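Enquirer: I have a structure here, written as structure tokens, and I will follow up with some questions on it.
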Amino acid sequence: MEGLRVLRFEVHDPFYNMALDEAIAQSVGEGGSPPTLRLYGWSPRAVSLGYFQEVREEVDLDFCRERGIEVVRRITGGGAVLHTEGELTYSFVVKDDGSLVPSDIEESYRRICAPIVACIRRLGGDAFFKPINDIEVGGKKVSGNAQTRRFGAVLQHGTLLLSMDYSLLGALRPRVEKLKDKGVSEVGGRVTTLREALKFEPDREAVAEILAEEFGKVFQLEVGYGNITDRERALVMDLVRKYRSRDWTFRR
Amino acid sequence: MEIIGVKKVKGGKLLKVLVIEERGTIKEAKISGDFFVHPEEAIDEIEGCLKGADISRVREVLRDFAKRRTVRTVGFTLEDIAEIIEGRGGRAQL
């Protein structure tokens, strides 16, 4: 059985987090790293923006500045996400050769979200994959996911919400269009957490371990905890500069 | 003249296009939203192709682009971008 390198849950700053996801994608694409699942958290808190989003449309920059919330742009498309200590984040990277992950994008979201759905179900939550890129419990979003394909790799990263301080959602500017469509009046009305769904808050690192097991099962890979390579470490150093730069964050 | 149009595409995602047009020529084009396109840089390149193009030729510009570059859009097509610019994508105040 082929191996799945799992990078054990660690908390890092937003720029390092995005830099390491990209570094792993490059390294896996080059053939220097095996299929990889990385589990992580964010400190300080941050809003991550999709590749195509306009920062001023999505983020209340004053709110973020006052509360020490950083802003970082992802290399993946999709929507803005507020990352706090109540979230477990993952990134999953494999070669983009159609062997582990379907080449069809929408199918591949379903496939890579399957272990997350299984993890929530194992914890007792009635989770469903909601195309294109969400997972829901009770009709509310508990996990958002975003994918890119570059360097010859598929990188999907996403969130699993354990708890949320809803007062911090002021960091995101609500979009009239989207809310009207869903018939809700505030951003918080569309999301839920495992704490609300399960009536208890599971331990973040314990959930991370369950998630790793479920990824191993779905992709039939043997889970082995490992470390980043020297090549990845070198790439991260450069990439952190990009993610910290105003040019990158404010490019749209 | 500034043309701002948005279209809601599959999955409730927003595709927003801003075009600044002067005497029939596109001076500035900006495409934004929470959609997915692979490779992502294709959107930057499309903005570049639209800049300087005749506003009446938007559809052709996008078709030519799609011919020479493999672009995978998720839940919409490049035609949607043309429709927004032509004003048939439905306008909305953001």
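The values are calculated or read from the model by the stated rules, or taken from the named source; none is laboratory data. Everything numeric in this text was worked out from a predicted model, so none of it was measured. Neighbour counts run over all protein chains shown; Cβ positions are idealised from the backbone, glycine included. Keep in mind that these areas ignore ligands, DNA and RNA; they rest on the heavy atoms of the full protein, side chains included. Shrake-Rupley method; radii C 1.70, N 1.55, O 1.52, S 1.80 Å.
Enquirer: Looking at region A:27-52 only, could you name the residues that are out of contact with any Asp or Glu (no Cβ under 8 Å at 6 or more places or on another chain) and within 14 Å of chain B (Cβ to nearest Cβ)?
Expert: The answer is A:S48, and nothing else.
Enquirer: Further question on the same structure: Can you say whether A:A80 is touching a strand residue (DSSP E or B) at 6+ places or on another chain (Cβ under 6 Å) and either more than 13 Å from chain B (Cβ to nearest Cβ) or not hydroxyl-bearing (S, T, Y) (or both), as far as the supplied structure shows? Spell out the reasoning first.
Expert: On the way: touching a strand residue (DSSP E or B) at 6+ places or on another chain (Cβ under 6 Å): yes; either more than 13 Å from chain B (Cβ to nearest Cβ) or not hydroxyl-bearing (S, T, Y) (or both): yes.
Taking the combined requirement at face value, the residue satisfies it.
Enquirer: Can you pull out the residues in region A:239-252 that are closer than 30 Å to B:V17 by Cβ and open to solvent by 40 Å² or more (accessible area, probe 1.4 Å)?
Expert: Within region A:239-252, A:K242, A:R244, A:R246, A:D247, A:F250, A:R251 qualify.
Enquirer: Check A:R56, A:R65 and return the single one that is open to solvent by 10 Å² or more (accessible area, probe 1.4 Å), farther than 28 Å from B:K8 by Cβ and of a type in the set (K, R). Spell out how you get there, then give the answer.
Expert: Values: A:R56 fails: farther than 28 Å from B:K8 by Cβ.
Going through A:R56, A:R65 in turn, the sole match is A:R65.
Enquirer: Separate question: What pairs come up if the first residue lies in region A:107-131 and is within 14 Å of chain B (Cβ to nearest Cβ), the second is in a helix (DSSP H, G or I), and their beta carbons are under 6 Å apart, counting only those six or more places apart or on different chains?
Expert: Cβ pairs passing all conditions: A:F129/A:R110; A:F129/A:C113; A:F129/A:V117.
Enquirer: Can you tell me which residues in region A:199-238 are among the acidic types (D, E) and either open to solvent by 100 Å² or more (accessible area, probe 1.4 Å) or more than 18 Å from A:L20 (Cβ to Cβ) (or both)?
Expert: Result: A:E201, A:D203, A:E205, A:E209, A:E213, A:E214, A:E222, A:D230.
Enquirer: For A:V191, indicate whether it is under 19 Å from the mean Cα position of the chain (by Cα), modelled with pLDDT of 95 or more, open to solvent by 20 Å² or more (accessible area, probe 1.4 Å) and at negative phi.
Expert: Spelling it out, it is not the case that A:V191 is under 19 Å from the mean Cα position of the chain (by Cα), modelled with pLDDT of 95 or more, open to solvent by 20 Å² or more (accessible area, probe 1.4 Å) and at negative phi.
Enquirer: In addition: Residues that are within 14 Å of another protein chain (Cβ to nearest Cβ) and open to solvent by 10 Å² or more (accessible area, probe 1.4 Å): which strands (runs of 3 or more DSSP E) entirely in region B:16-94 hold 2 or more of them?
Expert: Passing ranges, in order: B:25-33, B:72-74.
Enquirer: Among the residues of region A:132-147, which ones are more than 11 Å from every other protein chain (Cβ to nearest Cβ), in contact with a strand residue (DSSP E or B) (Cβ under 8 Å, 6 or more places away or on another chain) and not basic (K, R)?
Expert: A:I135, A:E136, A:V137, A:V142, A:S143
Enquirer: Would you be able to tell me the number of residues in region B:1-15 that are outside any strand (DSSP E or B) and either more than 9 Å from chain A (Cβ to nearest Cβ) or charged (D, E, K, R) (or both)?
Expert: 2
Enquirer: Further question: Among (1) in contact with a helix residue (DSSP H, G or I) (Cβ under 6 Å, 6 or more places away or on another chain); (2) open to solvent by 10 Å² or more (accessible area, probe 1.4 Å); (3) of a type in the set (S, T, Y), where does A:S103 come up short?
Expert: (1)
Enquirer: What is the residue count in region B:13-36 for residues that are within 11 Å of the chain's Cα centre (by Cα) and aliphatic (A, V, I, L, M)?
Expert: The total comes to 6.
Enquirer: Restricting to region A:1-47, count the residues that are modelled with pLDDT under 95 and of a type in the set (A, V, I, L, M).
Expert: 1
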